[in-house]
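Worksheet: the structure to be examined is printed underneath.
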Amino acid sequence: MSESIGFIGLGIMGRGMAHNLLKAGFALRVWNRTAARMEPLVAAGASADRSPADVAAHSDVIITCVSDTPDVQAVILGDSGVIHGARPGALIIDMSTISPQATREMAQQLAGKGIHMLDAPVSGGSEGAAKGTLSIMTGGEADQFERAMPVFQAMGKAITHVGGHGDGQTVKLVNQVLVVVTMLAVGEGLLFARAGGLDLGKTLAAVSQGAAGSWMLSNRGPQVVERDWRPGFTIDLQQKDLRLVLEAADQMGIPLLATSLVFQLYRTLQQRGLGSEGNHALVKALENLSGLEIKS
Ligand code: NAP
């Protein structure tokens, strides 16, 4: 018989992931701070609980997918947190994107109570969450990763075990460095093309398949040219992740020059009230510096 699952945090990501667990046949209990968000899951067959501790008391595996480090700490370690309901041997899988260091500290505290933990942040956005095609980067003990595999398979496609506690979070932050620095390059390239009087569509077609090709260039480049700022991932969430990157880099004592620059450029956009636009709106900061608009 498959393990019973508890799911905490039914936001943009969590609701799709929870639906996919139900579709895969898992018995599911849910909790969300804003109770109304549990209704669609209950209608689909889940049971609603009154607190994270309550969810944990009835589940073998407890998944958390909430916003930021203090939020994960609240639902796991807080007054009515998972730690107060989970049985020894239970497994907590945190699928939020949070601090690697805080993750290691939580895993250690939970281990003292005989509770296992994996960090398993995701990429693939709300679309990947809904379709069950997320990339899942996992840190923690290998036997717990094997235990979680059927659960992961209901939610994702590229499922990797990358190392010990916190390493899943660190890999997720590597992903974020690559995404934003690539987006900076896409923006600079398009600005240069515009200043040179080029046809931007033809420019993208010419360079997308060569050595400069990337997912950001192929998917976000055309969106920039069409001036379509709808978010796959918002500037505000991107900034949260870059703050986590820069905090971790500071703890490790390494300089991240391009990532720091992008963080400051996004800050100028947040100050202009653009935090809910897609992360490719980074080009607006470059446009502001150059006085040129990227359009065909
Ligand atoms: P979201 O739509 O804003 O949902 C956040 C969820 O966390 C909500 O269920 C919210 O409850 C809950 N929450 C926040 N603070 C809480 C607290 N202190 N106590 C209890 N519950 C709390 O965010 P999301 O897009 O689903 O993102 C969730 C996580 O996935 C984040 O770490 C994010 O970085 C990561 N992620 C997101 C994406 C994406 O494309 N959106 C992609 C990859 C990874 P309420 O309903 O009560 O507000």
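Every read-out reported here was derived from the displayed coordinates using simple, explicitly stated rules and does not represent laboratory data. What you see is a predicted model, and the numbers here were worked out from it, not measured in a lab. Backbone-built Cβ (ideal geometry, glycine too); neighbour counts: all protein chains shown.
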Net charge (Lys, Arg +1; Asp, Glu -1) of residues whose beta-carbon lies under 15 Å from that of LEU289, LEU289 excluded, is +1
I'd like the distance separating the alpha-carbon centroids of region 250-278 and region 101-146, in whole Å. 26
Using Cα-only point scatterers and the Debye equation, what is log10 of I(q)/I(0) for the chain at each q in 0.09 Å⁻¹, rounded to two decimals? -0.48
Please compute the modelled spin-label separation between ASP250 and ALA195, points set 7 Å along Cα→Cβ, answer in nm with one decimal. 3.3
Cα convex hull of region 170-290 - mean projected area over all directions, nm²: 7.6
I want to check the label-to-label distance for ALA111 and ALA35. Put each point 7 Å from Cα in the C-beta direction and report it in nm to one decimal. 3.9
Cα-based Rg and Dmax for region 133-212, where Dmax is the largest Cα-Cα distance (Å): 18.8, 57
Scattering curve values for region 223-288, log₁₀ I(q)/I(0), Debye with Cα scatterers, q = 0.13 Å⁻¹: -0.36
Quick one: if you stick a label point 7 Å off each Cα along the C-beta vector at ALA44 and ASN288, how many nm between them? 3.8
Over the Cα atoms of region 1-159, what radius of gyration and what Dmax do you get, in Å? 13.8, 38
